Amino acid sequence: MTREKIVHVVPIGFEEDRAVSGLMELGATDIYLLIDEKPGSWGENARRHAERVEERLNQVFLDPSHLQRIAFDPTNYESSRRVVRQILAKEKDAKKIFLNVSSSTKLCAIAFALAATEHENVFLYYIVPKKYNLPTQGQPFSSGMERIEVFSPRTYEFGELENIILDALSRGTYSSLGELNSAILPDEMSKASRAKLSYYIRKLQNQGYIDFDPGKRISLTTLGKARLNPPTDDVLHDTVPTSFEEGGMNGDQSNNSGGS
């Protein structure tokens, strides 16, 4: 059986765990690591973290031929926009493309989010870390993964039945359409009812909100869970400095390598 292609685009700032965790959680067949090309200490530090990320990926699970390095400037919006658009055009036939918006600068995250609106198979994800390492003192900006938040930048208004389906799945999984039908529409147990339910299930599946394995399992995806519980970064806010100088990192806040 041919494995579905799942692509990740991961810009590397001063992060390591946040660059790797999403790949393991969401699965990946192909990875693009975007490497800071700037000269000077900022770029050198980012490239050092990128080397560590690549070493971890090569040790864990990835075929090196499916890992690509691309140079860019994460503090330049046009550079970030151009690189991500080129990748999205090249990988337009992939099943899913995930863009990591937590591992580099805010300008890079904005470029990613705007580019994602043009593609139905592109999703953004944000890694909430276990803690921020401040001051960094040579460490990555953060450590660990508390959870991953996946969301779509495209607007989509749910109908009444779609909301009922998502609400039911938020309380548990179902093994079949018949079981789900019985739970949410107990007074409409018929072939026509199951056909209607099947239509909306597949519609939500195509939008990336649910996983549907006919006759086996119907459940929310990470994106579906995020839709019901919007993303937040609530980890140790009292330890995050109000300026970069406090954290030992110089520069405008738009250059936030942690994406917090």
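List of remarks:
- Leading residue at positive end of dipole, the chain (Cβ point charges), from Trp42, His66, Val20: His66
- Qualifying trypsin sites (Lys or Arg not before Pro) in the range 106-148, where qualification requires a DSSP coil assignment and no more than 16 other C-beta atoms within 10 Å, comprise Lys130.
- Here the range 53-124 is treated with +1 on each Lys and Arg Cβ and -1 on each Asp and Glu Cβ, and its dipole about the Cα centre works out to around 120 debye.
- Low-density loop cleavage sites - GluC sites (Glu not before Pro) in the range 160-217, where at most 14 other Cβ are within 10 Å (DSSP): Glu188
- Using only side-chain charges placed at the Cβ, +1 for Lys and Arg and -1 for Asp and Glu, the dipole size of the chain relative to its Cα centre rounds to 800 debye.
- Neighbour count of at most 12 Cβ within 10 Å plus DSSP loop: longest chymotrypsin sites (Phe, Trp or Tyr not before Pro)-free window in the chain: 157-260
- The ranking of Arg3, Arg69 by Cβ neighbour count inside 10 Å, starting from the fewest, reads Arg3, Arg69.
- Length-normalised contact order of the chain in % [C-alpha pairs under 8 Å, at least 6 apart]: 21 percent
- Cross-link partners of Lys106 among lysines, defined as those whose alpha carbon lies under 27 angstrom from its own and excluding same-chain residues fewer than eight positions apart: Lys38, Lys90, Lys92, Lys95, Lys96, Lys130, Lys131, Lys225.
- Across all C-alpha atoms in the chain, the radius of gyration and Dmax reach 20.2, 68 Å.
- Sorted fewest first by neighbouring Cβ atoms within 10 angstrom, Thr117, Thr222 come out as Thr117, Thr222.
Quick note: the coordinates plus some simple rules give every number you see, no bench work behind them. Keep in mind that what you see is a predicted model, and the values were worked out from it rather than measured. With ideal geometry, Cβ positions are generated from the backbone for all residues, glycine too; neighbour counts draw on all protein chains shown.
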